[in-house]
């Protein structure tokens, strides 16, 4: 627990300080709730750029510490509205921490999130372990984006935080930072409104579901996409931003974070939103100009925000220069990653015949992205859980009506960035559904889900229907968090390394009862030894004779010689011992753990 929350605190403090300093260098002096996402994006870039210097992540940890200290020194005396930020942020952060603690409280221990849902974490842990030792890995060679892994490596050598605790802390920190980032849209609202609104947007159902299965890359990409759209919104609507030459640089930094977290596919959402936004802004500016400067939004109600300012704020010559500066910053910061982005194009995720369903049971409904889906497992079809199918349809219909209503209001208020972001998310989902796999389509739904929640809550916040929506959406998110499995509380890459020793030979793994029954360890072990026939039994209940045909036995080093006959030690790889059985003959009843079978394969 202490390691996990030490990682949360370290990541959040570093992201807030570095992110606000970066925004301040672009011109704004007031506190911005884009700082959490901008800071996390820079952490990904900085840690990945330095993690292999020295071979263990120490250089990254030292550099991040120096950046935090320099950022705090720069902000001292320059930052405005810091006191208001201290009043707005802590309630949201505390409630987000409580919500993300539900899986650990329900299981009674800390460990690897989502092991029985999605065992990909073992490969992320192995790749990070190799990074901390200056060694290569399969993911490194394939161009897989390793920015988040570099952050965990820096935590490991900077603060002595274990890799399991580091990844758990990273996932919790992303949930907290996402909820804080959502405050950008609600900062002018009273606290009884802004706090629940920010939490519903930051921890909407699909984001909570991916958190529950330990998918940190997808939750980070959803955060960067949400923050990118809000950065575009700030650049044209915020009086402190819209005349600054570097007002688009924060958006560029978020795009950098997306590259180091999600590689080039992450830019699909961001570039799509930016292009659509510029087109909408240009069309609205031309319409207002032809109408003699009238407000295209019509009469405003008391609840509406003030006018967005000059209608050509995003399309004039000054905006062109600002876009050029932002593009230059983006190009410089991602230049070292371009070669790896090219390599990543060959990754198996992009093969329609590759991962297929992944860990899914079939295509998931796009209505899940609207936030109301009363199931603890997002992969289930309506009615497969405790709630009748009618409950799903009523919730989806209610959320759909509110989304359409909210979009109409957003269009009238010239919320062009939000409309553009939703359009880009819809197009990304359509492309994934038609040309990709169910696995990639589900990811597209998750990435766009916070924007869908924002399009419902922001324009309708002062109306009773928004409160009904937030109560239902919050209940669904809490349900999936409480249902999240927490796997083994410790990790060693030695089990994965033993794959080279056992090959396809039938293997029996003797594991402690607690690991198998209380910590969801069975799919974890099967994942680590994929590619061969694997039997898994409780160490204390194993028969004296292994199953027929079993050639290898893996046991815990502390357990001594297993109670089996005709075994000789072949390799000691702490905390495991590999035994070889003499005279193994015949077929084996152990199931084949195929590399490409459902819920297995390289992390996607």
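Any read-out appearing in this document is the output of simple, stated calculations on the displayed coordinates, not a laboratory observation. Bear in mind that the values here come from a model prediction, so they are computed numbers and not experimental data. As a convention, Cβ positions derive from the backbone with ideal geometry for all residues, glycine included, and neighbour counts pool all protein chains shown.
Values as computed for the structure displayed
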| read-out | value |
| --- | --- |
| The chain: angle of helix 58-75 to the longest principal axis, Cα-based, in degrees nearest 10 | 20 |
| Footprinting exposure proxy for 137, 32, 236 (fewest neighbouring C-beta atoms within 10 Å first) | 137, 236, 32 |
| Extended-chain gain in nm, criterion 0.36 nm per residue less alpha-carbon gap, residue 72 and residue 558 | 170.2 nm |
| Sequence-separation-based contact order of the chain, relative, with Cα cut under 8 Å and 6+ spacing, percent | 18 |
| Where N is the number of residues in the chain, Cα Rg divided by 2.2 N^0.38 Å | 1.00 |
| Cα-based helix-to-principal-axis angle, 216-237 vs the chain, degrees rounded to 10 | 10 |
| Least to most buried among 500, 343 (fewest other Cβ within 10 Å first) | 500, 343 |
| Gained length - residue 2 relative to residue 572, 0.36 nm times residue gap less alpha-carbon distance | 202.1 nm |
| Added length on full extension, which subtracts the Cα-Cα distance from 0.36 nm per residue, residue 517 to residue 188 | 113.5 nm |
| Angle between the chain longest axis and helix 191-202 axis [Cα atoms, degrees, rounded to 10] | 50 |
| Rounded to 5, the percent of DSSP beta bridges in the chain classed as antiparallel | 60 |
| Residue order, fewest to most beta carbons within 10 Å, for 443, 217 | 217, 443 |
| Distant alpha-carbon pairs in the stretch 494-581 (separation over 18 angstrom), percent | 35 |
